[in-house]
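Structure first, then comments.
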Amino acid sequence: MSSALVNGLAGAGGGIIAQIITYPLQTFRCLMSDVARPGEHPAADGEVNEEEEGFEWRHQHLYPFSDAPGWSGLYSGLTPSLAGTAASQGIYYYFYQLLKNRVEELEVARCKKGLGDGTVGMLSWLGIAAVAGSINVLLTNPIWVLVTRMQTHTQAERKILESKKELLLREVSRANSMEVSVLKDRLAKLESEKPRPFGTIQAIQEVYRESGIRGFWKGLVPTLIMIYYSL
């Protein structure tokens with residue numbers, strides 16, 4: 001087995017383990033950046049006080065695993081993310097080692113001809129990293145587009161449910177005694193709803209329907225620029 005293949009498999013395996021451990025934190029970060037905090041929306045008459053509202057917010061958003069769908073909610077979109085991580089890490093380290101071996105062979109050959117000392121210069125290492133990173137991005141960008149779509153879809157569904165709850169609460173504050181019971185029943189039913197599951201196939205269909213094949217390479221240019229900038 002070649003050293004490039006060994007490095008590729010090692011990178012893929014390490015990436016998978018790291019992703020499984022840290023994925024709930026990524027989901028949690030996305031959730032935290034996308035939800036409203038207590039006090040951001042005007043309270044209707046008869047609503048809970050600020051302390052109770054803060055507790056409710058923490059219960060709903062900081063502890064999403066306390067209710068259904070449980071831990072599976074924190075791992076929503078994990079499958080394509082694992083595929084993306086394994087492919088990304090595997091491809092990068094495979095091509096990095098492949099190019100590294102090739103450049104070292106060329107330098108040794110040049111040294112035998114009396115050109116250079118046989119060592120690879122800093123610019124060559126940077127070039128190897130840039131090419132390996134570019135190949136990685138070109139091949140794995142579609143996977144990350146799907147991962148992002150699956151994560152943001154779940155959060156969009158959650159925001160829609162929250163907006164509906166807010167509208168009902170406002171209606172309750174303005175309704176008469178006969179309408180209140182009906183609205184409270186609707187609110188209880190709405191609170192029991194959870195974001196609809198959004199799978200990989202659905203994400204693929206949605207991206208293709210919106211932008212065709214080109215949609216799977218959205219954000220490619222900025223990502224390539226970031227590769228060279230990070231060097």
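Observations on the structure shown:
- Every pair of residues 6+ apart whose Cβ atoms lie under 9 Å, when the first sits in the stretch 213-229 and is more than 24 Å from W125 (Cβ to Cβ) while the second is open to solvent by 100 Å² or more (accessible area, probe 1.4 Å): G215/Y208; G215/R209; F216/Y208
Quick grid of which residues meet (1) of a type in the set (G, A, S); (2) within 33 Å of the chain's Cα centre (by Cα):
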| site | (1), (2) |
| --- | --- |
| T79 | no, yes |
| G84 | yes, yes |
| K112 | no, no |
| G121 | yes, no |
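- Of all the listed residues (L139, L146), the sole one being of a type outside the set (V, I, T), open to solvent by 30 Å² or more (accessible area, probe 1.4 Å) and modelled with pLDDT of 75 or more is L139.
- Scanning the stretch 149-166 for residues that are small (G, A, S) and modelled with pLDDT of 75 or more gives a single hit, S163.
- Of the residues making up the stretch 102-134, those that are more than 29 Å from W144 (Cα to Cα), open to solvent by less than 40 Å² (accessible area, probe 1.4 Å) and assigned to a helix (DSSP H, G or I) are V103, E107.
- Close pairs (9 angstrom Cβ cut-off, 6 or more residues apart or separate chains): under 26 Å from L5 (Cβ atoms) in the stretch 97-121, of a type in the set (S, T, N, Q) and part of a loop (DSSP other than H, G, I, E, B) anywhere: Q97/S2; L98/S2; N101/S2; E104/T119; E107/T119
- Test: residue in the stretch 29-42 that is at pLDDT 75 or above, closer than 22 Å to W144 by Cα, part of a helix (DSSP H, G or I) and not charged (D, E, K, R): no
The values are calculated or read from the model by the stated rules, or taken from the named source; none is laboratory data. All values reported here derive from a predicted model rather than from experimental measurement. Neighbour counts run over all protein chains shown; Cβ positions are idealised from the backbone, glycine included. For accessibility, only protein heavy atoms count, side chains too; no ligands or nucleic acids. Shrake-Rupley method; radii C 1.70, N 1.55, O 1.52, S 1.80 Å.
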